[in-house]
Amino acid sequence: MNPGRLTAVVRSKAFELGFEVVAVAPVGPSPDFDLFMRWIEDGHAAEMSYLPGRAAERADPRHLLPEARSIVVLGANYFSGNLPSELRNDRSRGLIASYAWSADYHDTLKRRLFDLDTALREASGRTDMGRACVDTSPILERSWASRAGLGFGGKNTCLIVPGAGSWFFLAELLVPEKLAYGSWTASEPVPVSHSHEGTCGQCTRCLNICPTGAFPEPFILDSRRCISYLTIENREAIPLELRPLLANWVFGCDLCQTICPWNRRYATRRQLPRTGELAEVAAPKLLDLLALDEKGFRQRFRKSPIKRAKRRGLLRNVCVALGNWADPAAIPGLSQAMEDSESLIRSHAAWALGKIGTAHARLLLQSCLEKEHDPEVLLEITAALAMK
């Protein structure tokens, strides 16, 4: 079958599987690899030590599949709309990035990619499988999406699809077939190149809204100051000076996408969960999260991306959010957290109690000071008692 017909099979099956955008490009050396390595050398990757690894695969996807001739880049919309104001402005709730409102995308996207590869193999007669990639694979997916014509890189480093926005999971399929190159959306029957159809222009809204100043310049993200990094990938204590800036975000952050004009004008949303379900998945009560033991955490988030933060990371974030809420209603829960086996949770609970600052909170901190043995937690308690 010729490349055009094979590509028609790919395009049709991709849309059938629920992908909204699809693009195809020839495989070769990765675009922007030098920029990626420079970004790491400048320290912007923070403690994500896995990123410099497998450099050969990142430099050229053919190290993942030597016989690859084409890369299919796909986008699946995950935008579920903006939170109702009564949830968004309730400081007793923790905010969850919208990509984590549903089941873990790694599992769902991989299944779709396998089905897409099956359809292509049946059409071409190929017997060996292609290589399915999501963001855990060593591939510069946003650069490849731009190269394939799916969209352009925004100043917030997200891929922006003109006419659709940036609320997309990206996925890639490396295949040995030579395909016809181009990009398509579910609403456009003919190939169009999106990569040159839009820019950020003079807009800097995404840079200005970031509360932690994670963008030292346009198109550069400093992970060390990014709320998404701090609440998910970071395994250690959240820097003291950044804690007040996290507000009540407990898993990720959507601010730089929510403010983007491309999203405000063009993003289309999936069906929202019912109001009660939305509150549970998008803005759960902080004190409910703080009460989770290890078993409760695993049960609640077993199918969710939130499990990546682990219990100790999520409850660390919850303690920071409770400190920023600074309501005495949190003291009983934080008192329990001061007894947790995880020192990371105890240390951030101490900070939260210091931020609440009532006589009850200070008395609790003083009692913990007398029985705590971990030096890092002792420092946090001492600093919390010194707060005014």
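The values are calculated or read from the model by the stated rules, or taken from the named source; none is laboratory data. What you are looking at is a predicted structure, and each value in this text was computed from that prediction instead of being measured. Please note: Cβ atoms are built from the backbone with ideal geometry, for glycine as well, and neighbour counts cover all protein chains shown. Side chains included, ligands, DNA and RNA excluded: accessible areas come from the protein's heavy atoms. Shrake-Rupley method; radii C 1.70, N 1.55, O 1.52, S 1.80 Å.
When the solvent-accessible surface of protein heavy atoms is calculated with a 1.4 angstrom probe, in what order do His348, His373, His44 fall, highest first?
Putting His348, His373, His44 in descending order of accessible area: His373, His44, His348.
Let me know the Rg and Dmax you get for the range 98-154 when you use only its Cα atoms, in Å.
Calculated on Cα positions, Rg and Dmax stand at 13.8, 40 Å.
Hey, which of these cross-link pairs are over 26 Å Cα-Cα: Lys295/Lys388; Lys155/Lys285; Lys285/Lys310; Lys303/Lys355?
Over 26 Å apart, Cα to Cα: Lys295/Lys388; Lys155/Lys285; Lys303/Lys355.
Just for the chain, what percent of DSSP beta bridges are antiparallel, to the closest 5?
95 percent
Along its three principal axes, how long is the range 1-124 when you only count alpha carbons? Whole Å, largest extent first please.
Its Cα atoms span 58, 40, 19 Å along the three principal axes.
Amide H to amide H under 5 Å from Ser304: which residues, 5+ apart in sequence or cross-chain, H placed 1.01 Å off N in plane?
Here Asp104 satisfy the definition.
Taking 8 Å as the Cα distance limit and 6 or more residues as the minimum spacing, I'd like the relative contact order of the range 1-87 as a percentage.
Relative contact order for the range 1-87 comes out at 43 percent.
Using heavy-atom solvent-accessible surface (probe 1.4 Å) with all chains present, what is the largest-first order of Met48, Met129?
Met129, Met48
One-quarter of the Cα convex hull surface for the range 212-256, in nm²?
With every direction weighted equally, the projected area is 3.1 nm².
Using a 1.4 Å probe and counting only protein heavy atoms, arrange Thr108, Thr212 so the residue with the most accessible area comes first.
From most accessible down to least: Thr108, Thr212.
Give me a comma-separated list of calculated 3J(HN,Hα) values for the range 82-91, in order, Karplus coefficients 6.51, -1.76, 1.60 applied at θ = phi - 60°, integers in Hz, x for any Gly or Pro.
Couplings: 8, 5, x, 4, 5, 8, 4, 9, 8, 6 Hz.
With the contact rule set at Cα under 8 Å and sequence spacing of 6 or more, what percent relative contact order holds for the range 29-154?
RCO, the range 29-154: 34 percent.
Unpartnered cysteines of the chain (Cβ-Cβ under 4.7 Å counts as a partner)?
Cys133, Cys158, Cys200, Cys203, Cys210, Cys226, Cys253, Cys260, Cys319, Cys368
If you place +1 on the Cβ of every Lys and Arg, -1 on the Cβ of every Asp and Glu, and leave all else neutral, what size is the dipole of the range 90-147 about its Cα centre, to the nearest 20 Debye?
160 debye
By the scheme Lys and Arg +1, Asp and Glu -1, what is the net charge of all other residues having a beta-carbon under 14 Å from that of Ala321?
Charge balance near Ala321 sits at +4.
Can you tell me, using C-alpha contacts under 8 Å and at least 6 residues apart, the relative contact order of the chain as a whole percent?
Relative contact order of the chain: 19 percent.
Which residue fluctuates most in the GNM of the chain (Cα springs below 10 Å): Arg147, Arg69, Arg93?
Sorting by GNM fluctuation, first place goes to Arg69.
Taking amide H atoms as placed 1.01 Å from N in the peptide plane, list the residues 5 or more away in sequence, or in a different chain, whose amide H sits under 5 Å from that of Val21.
Hits under the 5 Å cutoff: Gly75.
Averaged per residue, what accessible area in Å² does the range 301-352 show with a 1.4 Å probe, protein chains only?
So the range 301-352 comes to 34 Å² accessible per residue, rounded to a whole number.
Would you report the distance distribution of C-alpha pairs in the chain as whole percents per 10 angstrom bin, up to the bin with the largest distance?
Using 10 Å bins, I get a P(r) of 5, 21, 29, 23, 13, 6, 2, 0 for the chain.
Build a GNM of the chain with springs between Cα atoms under 10 Å: which of Glu57, Glu376, Glu233 gets the top mean-square fluctuation?
Ranking Glu57, Glu376, Glu233 by mean-square fluctuation puts Glu376 first.
Which value in Å is the Kirkwood Rh of the range 264-384 over different Cα pairs?
15.4 Å
Residue separation times 0.36 nm, minus the C-alpha to C-alpha distance between Thr136 and Gln202: what's the value?
20.5 nm
Once every DSSP H run of n ≥ 4 in the chain is given -39500 (n - 2.57) and the sum is divided by its residues, what mean residue ellipticity at 222 nm do you get, rounded to the nearest 500 deg cm²/dmol?
-11500 deg cm²/dmol
Could you go through the range 352-368 in sequence order and give the Karplus-derived ³J(HN,Hα) for each residue, using 6.51 cos²θ - 1.76 cosθ + 1.60 with θ = phi - 60°, rounded to whole Hz, and x for Gly and Pro?
In residue order, the calculated couplings are 5, 5, x, 5, 5, x, 6, 4, 4, 5, 5, 4, 5, 4, 5, 5, 5 Hz.
Over the range 50-124, give the accessible area per residue in Å² for a 1.4 Å probe, as an integer.
42 Å²
Give the span of the range 53-92's Cα atoms along each principal axis, as three whole-Å numbers ordered largest to smallest.
Here the Cα extents, ordered largest to smallest, are 53, 24, 10 Å.
Using 7 Å Cα-to-Cβ label points, what is the Glu277/Tyr50 separation (nm, one decimal)?
3.0 nm
If I stretch the segment between Ala237 and Thr382 completely, what's the gain in nm (0.36 nm per residue apart, minus their alpha carbon distance), one decimal?
Computed gain between Ala237 and Thr382 is 50.6 nm.
Carbon-plus-sulfur fraction of the accessible area of the chain, 1.4 Å probe, in percent?
Its accessible area is 51 percent carbon and sulfur atoms.
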